[in-house]
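The values are calculated or read from the model by the stated rules, or taken from the named source; none is laboratory data. Note that this is a predicted model, so its numbers are computed, not measured. Positions of Cβ are backbone-derived with ideal geometry, glycine not excepted, and every protein chain shown enters the neighbour counts.
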Amino acid sequence: MPPPPGGNQTHVIKADQTVKSGMANWRSRKFSTRTADTSAILVSNGARLTLTDATIEKAGDTSSFDGSSFVGLNAALLANEGGVLTVSDSRVIATGSGANGAFAVGAKSFVRLQQVDIRATGDNAHGVMVAGGGRMEMEDVTIFTSAQRSAAIATDRGSGEIRVKGGQWQTTGAMSPVLYSTGVIDVMGGCGRADAAEAVVIEGSNLVELRDTRLTGARNGAMIYQSFSGDAEGQHGRLNITGGEFIASSGPLLYVTNTHADVTLKATRLQAASGILVQARADRWGRQGNNGGHLRLQASRMALSGAVLADGLSDITLTLGEGARWTGRSQGKVSLSLQAGAAWVLDGDAQVSRLEGADCESGSCRNIRGNGFSVRYDPAANPWAKGRSFSLPGGGLLRPAV
């Protein structure tokens, strides 16, 4: 039998208030604990609890950050072993290390939050979290975290699912993104910012879906990677963004390392202050020499701006669909597909491995604007070009690499 989440160590889960059977409905009450490794409220064993107009205060530190991340040790609000917890019009204040605001762990455990304000100020204390297949739904929830390794919304070992509608989320600590996914995080509406980390981190073969959401990351927009820590399986992350805004105050808008990634962007407003749209490269994770990033990016009905960069261990495939216009340059093993109604505008010399959909006739390409810059292509990967050079509107050439 495999060990429980978090390895072989067993953590004793305790709470000041515990509901282990039946159904309970508590209104206009205050719950508080200052005891280490102790939740304010635990709902377990298939029980159901509804909290309305409640104040939950959780102080006291965890004895195990793994226990806090994998099984909810020291969380302010915890549902496990099939417990169902519904909280509305309430406030959660968690000040201890490892004191996550609300946590669901286990395949049948479920937490629903509606119009809840959560403040988590300790190290390794996320606003909300699921693990081990737990599920959570949130509507109009406000989250603030202020310490390191404290994402606003997170999943951890054993995966899980969080669905979010509206709300505001802010993190100020290092390594504290708005969203950290080792499972499925689905967000509709709302806005969030990470003042010292990425807006989104996806580890392993997991997913973040954003619709009409505004997110800002101080350090990259999104990072998709595999750390091999054991917290997430697989090497194929997915990020889908429709509408809204996605902003990187520094670093690449999309950063991929030691994994494969699929990113789909539709009608989204993008901003990368660094001038780097996408970067795929080897970093400190994985086996040296085999730890590059491999990205497939599709965009439609939107403007993109910035460089697309791949190092020697990495590759990027960029597909521009109808209504997509990319202004930028490419470097490294980058393949580009220009579908009907798409355009590429150069702002520097570029290179491509494979180029599809270039509208090149009579020695000129109509859907690539040169602005005085040139694109070098791989002749072997582009037999259609027959090793020829083509002029570009605004000056410049599409020419074979030599």
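A few points about this structure:
- Near pairs, Cβ below 8 angstrom, 6+ apart or cross-chain, from the range 144-165 (without any contact (Cβ under 8 Å) to a residue 12 or more places away in the chain) to any residue that is surrounded by fewer than 19 Cβ atoms within 10 Å (Cβ to Cβ) and in a strand (DSSP E or B): none
- Flag if R325 is surrounded by fewer than 22 Cβ atoms within 10 Å (Cβ to Cβ), basic (K, R), over 28 Å from the mean Cα position of the chain (by Cα) and closer than 26 Å to A261 by Cα: no
- Condition check for S32: among the small types (G, A, S), surrounded by fewer than 18 Cβ atoms within 10 Å (Cβ to Cβ), in contact (Cβ under 8 Å) with a residue 40 or more places away in the chain and under 28 Å from Q148 (Cα atoms): no
- Residue satisfying all of: in the range 221-245; under 24 Å from S69 (Cα atoms) and polar (S, T, N, Q); modelled with the highest pLDDT among these: Q226
Yes or no, residue by residue, for (1) surrounded by fewer than 20 Cβ atoms within 10 Å (Cβ to Cβ); (2) within 30 Å of S250 (Cβ to Cβ); (3) touching a Pro at 6+ places or on another chain (Cβ under 7 Å); (4) β-branched (V, I, T):
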| position | (1), (2), (3), (4) |
| --- | --- |
| G321 | yes, yes, no, no |
| G332 | no, yes, no, no |
| A340 | yes, no, no, no |
| V375 | no, yes, no, yes |
| D378 | yes, no, no, no |
| G395 | yes, no, no, no |
| V402 | yes, no, no, yes |
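- So V256, is it over 23 Å from I368 (Cα atoms), surrounded by 24 or more Cβ atoms within 10 Å (Cβ to Cβ) and of a type in the set (A, V, I, L, M): yes
- When we screen S337, S300, S314 for residues that are without any contact (Cβ under 8 Å) to a residue 24 or more places away in the chain and hydroxyl-bearing (S, T, Y), the only hit is S337.
For every residue, the table says whether it meets (1) under 13 Å from the mean Cα position of the chain (by Cα); (2) farther than 23 Å from V92 by Cβ.
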| position | (1), (2) |
| --- | --- |
| A152 | yes, no |
| S159 | no, yes |
| R163 | no, no |
| M175 | yes, no |
| V178 | yes, no |
| G189 | no, no |
| A197 | yes, no |
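- Yes/no for N45 being closer than 21 Å to A154 by Cβ, in contact (Cβ under 8 Å) with a residue 12 or more places away in the chain and of a type outside the set (G, A, S): no
- Qualifying residue in the range 296-304 (condition: among the small types (G, A, S), modelled with pLDDT under 95 and crowded, with 19+ Cβ neighbours inside 10 Å): no
- Subset tally (residues that are assigned to a strand (DSSP E or B), crowded, with 24+ Cβ neighbours inside 10 Å and of a type in the set (V, I, T)) for the range 70-105: 3
- V184 vs. criteria buried (at least 24 other Cβ atoms within 10 Å of the Cβ), of a type outside the set (F, W, Y) and in contact with a strand residue (DSSP E or B) (Cβ under 7 Å, 6 or more places away or on another chain): no
- In summary, S227 fulfils each of the numbered conditions (1) in contact with a Ser or Thr (Cβ under 9 Å, 6 or more places away or on another chain); (2) more than 20 Å from R119 (Cβ to Cβ); (3) assigned to a loop (DSSP other than H, G, I, E, B); (4) not charged (D, E, K, R) with the single exception of condition (1).
- Residues satisfying the stated conditions in the range 40-59, i.e. touching a Gly at 6+ places or on another chain (Cβ under 8 Å), buried (at least 16 other Cβ atoms within 10 Å of the Cβ) and farther than 10 Å from A79 by Cβ: K58, A59
- When residues of the range 15-56 are limited to those that are closer than 14 Å to G98 by Cα and not polar (S, T, N, Q), the one farthest from the chain's Cα centre (by Cα): R34
- Of all residues in the range 254-271, one or more are more than 18 Å from G189 (Cβ to Cβ), over 14 Å from the mean Cα position of the chain (by Cα) and part of a loop (DSSP other than H, G, I, E, B).
- Residue match in the range 357-376 (condition: polar (S, T, N, Q), more than 31 Å from the chain's Cα centre (by Cα) and on the phi > 0 side of the Ramachandran plot): yes
Every residue, every condition in (1) outside any strand (DSSP E or B); (2) more than 20 Å from T216 (Cα to Cα); (3) touching a Cys at 6+ places or on another chain (Cβ under 9 Å), yes or no:
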| site | (1), (2), (3) |
| --- | --- |
| A107 | yes, yes, no |
| L113 | no, yes, no |
| I118 | no, no, no |
| V130 | no, yes, no |
| M136 | no, yes, no |
| I143 | no, no, no |
| R149 | yes, no, no |
| W169 | no, no, yes |
| S176 | yes, no, no |
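- Consider the range 207-248 and keep the residues that are among the charged types (D, E, K, R) and farther than 16 Å from R296 by Cβ. The one that is surrounded by the fewest Cβ atoms within 10 Å (Cβ to Cβ) is E233.
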